[in-house]
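Data block below; observations after.
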Amino acid sequence: MKAVKLREGIYWVGAIDWDLRNFHGYLTQRGSTYNAYLIIDEKITLIDNVKYYLYDEMIARIKDVIDPSKIDIIVQNHVEMDHSSGLPMLQKIIPNADIYTNSNGIKGLKLHYKQDWNFKEIKTGDSISLGKRELSFITTPMVHWPDNQVTYCPQEKILFSNDAFGQHIASSERFASELPMGIVMEEAKKYYANIVLPYSKQVQKVLDLAAPLAIDMICPSHGVIWTPDNIGEILAGYKAWAYNVSDNHRALVIYDSMWKSTQMMAEAIHETFEKLGVRAKLLSLQHNHISDIMTDIIDAKFIAVGSPTLNSSILPTVAAFLYYLKGLSPKDRIGLAFGSYGWGGQSIPILHQLLGDPKECGFDMLEPIKHQYIPSKEDLENLKISLEKNIKAKLEEQ
Ligand code: FEO
């Protein structure tokens, strides 16, 4: 296992999780990496570590550069176990290393590993000297946990950003410029939508704090590294995503169906959006993973969700999607509830409430659409006419 040299004295020594397909509910179809970075200076420093089952891979990469027992300092930018669960093994070989992290980091590491290691508490603005280089710290609570921080090396103009700017991509390439940019940006957007989106307000603050820094390289804790060729692109992406820049002319029609009546309604709704020049995606929950749908939600202003009535409620696939959606908390969207029913018709008010109630998704809502049993051609035409009027009125309000 080789270390990858990023600069003179700075190496990527992380691990590649080729088989990872599920990151707490997020479909990681391209696998992931856990990135750790080694700095060779008067004080030898390791920034973050890896998931416990890939610890040997990280150690082998460190050994490619230096004896791991010579590490003086660990910077722990985040407690979550994909970046910290190598620590208990690492501490066995470097029990006296200083572990620099913030107060939430210390608290979280103690609660995870029940050890009182050699913690050194940092705050935003603090810096430490490694010899020729310094590291300074900015705490970034809730991007992604309360303990997150980023570490900046002014001499190298490198930002070690941990979860921020990450992507779940397993590859033998280490730089974004070595992969097709469309794929890297799509995975960065998916990562934002499924991990970072609820904390967009905090991301806005991080972008403000990072703005004055000279940055030539962003080294995240997952996926590939950003360099001057593409730093502008990822920063522009984060700005748009953090400030909720959705497109009035994009819609998603998300549904599941029992006997295809709700599907027929979904198709008619999709056609109506298209007729109005709103680019719409038709997304069956039987065929699309909820974490992929979240990536599309980043751009779409209109979110239509359909379910037939089942047992006085909604289909479980739709319920799972809506609870995932609510947790990730996209803002300033327009919702539409629709569905077919046999007798009770409870699914439609339930969907309307889950999308529109301020305590749920809190979307601005269009008039709900329901239909008993199977819609005829004429019913579908009438649905389109009344929805068209509804959408036009809503677009005029925007
Ligand atoms: Fe990659 Fe929040 O851990």
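Which of rounded, prolate, oblate describes segment 251-397, given a ≥ b ≥ c as roots of the alpha-carbon gyration tensor eigenvalues and a/c under 1.5 marking rounded, otherwise prolate only if a/b is larger than b/c?
rounded
Could you rank the peptides 282-293, 160-171 by their average count of other C-beta atoms within 10 Å per residue, with the highest value first?
160-171, 282-293
Taking the Cα centre of the chain as origin, work out the dipole magnitude from +1 charges on Lys and Arg Cβ and -1 charges on Asp and Glu Cβ, in debye rounded to 20.
With Lys and Arg at +1 and Asp and Glu at -1, about 360 debye.
Using θ = phi - 60° and the Karplus curve 6.51 cos²θ - 1.76 cosθ + 1.60, what whole-Hz ³J(HN,Hα) does each residue of segment 263-269 get, with Gly and Pro shown as x?
Working through the residues one at a time gives 4, 4, 5, 4, 5, 5, 5 Hz.
For a quick check: with amide H placed at 1.01 Å from N, whose amide H comes under 5 Å from L6's, ignoring anything fewer than 5 positions away on the same chain?
Residues meeting the amide H criterion: Y11, W12.
Determine the alpha carbon to alpha carbon distance for each of K301/K384; K281/K301; K123/K189 and list only those over 22 Å.
Exceeds cut-off: K123/K189.
Please list the non-local residues whose amide H lies under 5 Å from the amide H of L283, H modeled 1.01 Å from N, same-chain partners needing a gap of 5 or more.
V253, I254, Y255
Per residue, how big is the convex hull of the chain when only Cα atoms are used? Give it in Å³.
Measuring per residue, one finds 142 Å³ for the Cα hull of the chain.
Across segment 324-334, in residue order, what do the Karplus-derived ³J(HN,Hα) couplings come to in whole Hz, using 6.51 cos²θ - 1.76 cosθ + 1.60 with θ = phi - 60° and x for Gly and Pro?
Residue by residue, segment 324-334 yields 5, 4, 4, x, 7, 6, x, 10, 6, 10, 10 Hz.
Given H placed on each backbone N at 1.01 Å, which residues far from G362 in sequence or on other chains put an amide H within less than 5 Å of it?
Amide H to amide H, under 5 Å and 5 or more residues apart or across chains, G362 pairs with G356, D357.
What is the Cα centroid distance between segment 185-211 and segment 97-135, reported in whole angstrom?
Cα centroid of segment 185-211 versus Cα centroid of segment 97-135: 24 Å apart.
Would you mind checking the tilt of helix 231-242 against the longest principal axis of the Cα atoms of the chain, expressed as 0 to 90 degrees and rounded to 10?
In the chain, helix 231-242 runs at an angle near 50 degrees to the longest axis.
Restricting to segment 229-340, compute how many DSSP beta bridges are antiparallel as a %, nearest 5.
5
Counting only protein heavy atoms and using a 1.4 Å probe, what share of the accessible area of segment 310-398 belongs to carbon plus sulfur, as a whole percent?
Here it works out to 54 percent.
Can you work out the PRE-style zone for K201? Point 7 Å along Cα to Cβ, and I want the residues of segment 230-267 with backbone N under 20 Å.
Inside the label zone: 238-246.
Sequence neighbours fewer than 8 away in the same chain don't count; with that in mind, list the lysines whose C-alpha is under 22 Å from K92.
K43, K51, K63, K70, K107, K110, K114, K120
Kindly provide log₁₀ I(q)/I(0) values, in the same order as q = 0.15 Å⁻¹, from the Debye equation applied to equal alpha-carbon scatterers of segment 78-202.
Computed log10 I(q)/I(0) values: -0.84.
PRE reach from E178 (point 7 Å along Cα→Cβ): which of segment 4-45 fall under 11 Å by backbone N?
4-6, 12
For W18 and Y53, compute 0.36 nm times the residue count separating them, minus their Cα-Cα distance, and round to one decimal in nm.
11.4 nm
Which ³J(HN,Hα) values in Hz, rounded to whole numbers, follow from the phi angles of segment 184-193 under the Karplus curve 6.51 cos²θ - 1.76 cosθ + 1.60, where θ = phi - 60° and Gly and Pro get x?
Running phi through 6.51 cos²θ - 1.76 cosθ + 1.60 with θ = phi - 60° gives 5, 5, 4, 5, 5, 5, 4, 4, 4, 4 Hz.
Per DSSP helix of 4 or more residues, -39500 (n - 2.57); summed, then divided by the residues of the chain. What does that give at 222 nm, rounded to the nearest 500?
-10000 deg cm²/dmol
The values are calculated or read from the model by the stated rules, or taken from the named source; none is laboratory data. Not measured: the values here are computed from a predicted model. Every residue, glycine as well, gets a Cβ built from its backbone with ideal geometry; the counts of neighbours run over all protein chains shown. What goes into the accessible areas is simple: the full protein's heavy atoms, side chains included, and nothing from ligands, DNA or RNA. Shrake-Rupley method; radii C 1.70, N 1.55, O 1.52, S 1.80 Å.
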